[in-house]
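Single-structure report; data block below.
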Amino acid sequence: NQLQETKLTNRHWDRNAYSRMNVLLAFQVLSASCAAMIRNAISDEEIKLPIENKGVYNHLANFCDNMNTVIDICNGRDGPHTPENAVERQTLLLEKMQYFFEWKELHDKRVKDEEATEYNFFCRRDVV
């Protein structure tokens, strides 16, 4: 069993009409450690996932990784924003924004073509 510890608890999932939104909890769900956990679950033969083609879950892990990068850039996690690192950070942020733009366009097209539902998360080009 290759699953590792994360900061996720029942508090991340047990939400109801009276629960308040919590950005910290949302960011922890979209973290690099969650992406790693998903990839470990994919590679562990003992773990059974709802979709038989476990490789499909790589797209969820990629989404988490990309969102984690955007959050880190915006929070200045790798140090303060300076003129010296501005171009590098802007370039990386634009690359991630392009990923999300393409993801949304493809998802919307698949919904329009009735290949997916509005809530289908797996909408990358290489998913059939």
Just one of the numbered conditions (1) among the polar types (S, T, N, Q); (2) more than 18 Å from Gln28 (Cβ to Cβ); (3) modelled with pLDDT under 90 is not true of Asn75; which one?
(2)
Please tell me if Glu46 is open to solvent by 60 Å² or more (accessible area, probe 1.4 Å) and free of Cβ contacts under 8 Å to residues at least 40 places away in the same chain.
no
I'd like to check something: does the range 53-60 contain any residue that is charged (D, E, K, R) and either at pLDDT 85 or above or farther than 23 Å from Trp103 by Cβ (or both)?
no
Sole residue being among the aliphatic types (A, V, I, L, M) and touching an Asp or Glu at 6+ places or on another chain (Cβ under 8 Å), chosen from Val87, Val111
Val111
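The values are calculated or read from the model by the stated rules, or taken from the named source; none is laboratory data. Only a predicted model underlies this, so the values are computations on that prediction, with no experimental measurement involved. Positions of Cβ are generated from backbone atoms using ideal geometry, with glycine treated the same way; all protein chains shown enter the neighbour counts. Accessible surface areas use protein heavy atoms only, side chains included; no ligands, DNA or RNA. Shrake-Rupley method; radii C 1.70, N 1.55, O 1.52, S 1.80 Å.
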